[in-house]
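See below for the structure under consideration.
Any read-out appearing in this document is the output of simple, stated calculations on the displayed coordinates, not a laboratory observation. In this text, all values refer to a predicted model and were calculated from it rather than measured experimentally.
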Amino acid sequence: MAYLTVNNVRLHFERFPQPGKPVLVLSHSLFFDWRMFEPLIELLHPYFEIIAYDHRGQGLSSRGGSLDMDSLTEDVAALIDLLDLAPCYVAGNSMGGFVVLRLAARYPERLAGCIVMGSSADREHQLAEFEPLVNQLAAEGAADQVDTLMYIMFGDQTLRSPEHAALCARWRTHMRKLGPDIGVAAREVIHRASVLDELAGLRVPLLVLAGAEDHAYSTALSEQIVERSGRGQCRVISAAGHSLALEQPAQVADAIRQFAADAV
């Protein structure tokens, strides 16, 4: 467990050293923390030195300050600089994907490659549907909305499968404990701006992964990232929903390993 102060906030991060290997920075989803990547880290650690951090306002990082996507992007850029990680690979799931796309567009010299999972480069297409949920979260926290959050964040097979019962129980318990401050973070997520124009002519190698059972963002939104950036490919991860790095870590790890090998 370690901390860095960047942009007047204290970021918590975990470092998994692997001397001589490329560096991979992991950026988590809304409603989670760095631990959503634990299964992926176990699979990828032989091949990468890994840094997994908590966004400001979530996990063990400090509260306060702006939680908009631009601020979160500046945080990870500063983390990369202070830890002297560039050029590194950066992977983000959902909200983490919003961040890493901005990072790739604005600071390409810091990155060896960008991996986006269950995410979008566009503005929020379901604003009317998500706004009442976000208002409820900001007023009362997540306890009464946990069934809705689980449906948004996980695919049907994950929610029904006995082999994922312990995983679902763990994250259901985690989400139930989220207080009203998670609504502040969620409001910034759904009111984010599009970065489609910024991605035109992207200079960073790109891999986009989409969950076949994603209830939040369609495969078309992942394909749009590839189309507008003119880089990379979109790969669909079977039996996964919105949190594909957590639901199907073996498929995701294989895709990332191949991507990094091809990017060299």
Per-selection metrics, region 177-243 (Cα): Rg and Dmax in Å = 14.4, 42
According to the square roots a ≥ b ≥ c of the eigenvalues of the Cα gyration tensor, what is the shape class of region 120-211, taking rounded for a/c under 1.5, prolate for a/b larger than b/c otherwise, and oblate for the remainder?
-> oblate
Applying the gyration tensor rule to the Cα atoms of region 1-140 (axes a ≥ b ≥ c; rounded if a/c under 1.5, else prolate if a/b exceeds b/c, else oblate), the class is prolate
Scan (i) 18.6, 57; (ii) 20.3, 63; (iii) 16.8, 48 for the value of Rg and Dmax of the Cα atoms in Å calculated from this model and give just the label.
-> (iii)
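Based on the alpha carbons, how large is the Rg to Rh ratio for region 36-90 when Rh follows Kirkwood? Present the calculation step by step, with values, prior to reporting the outcome.
Details: Rg = 12.7 Å, Rh = 12.7 Å.
Ratio value, two decimals: 1.00.
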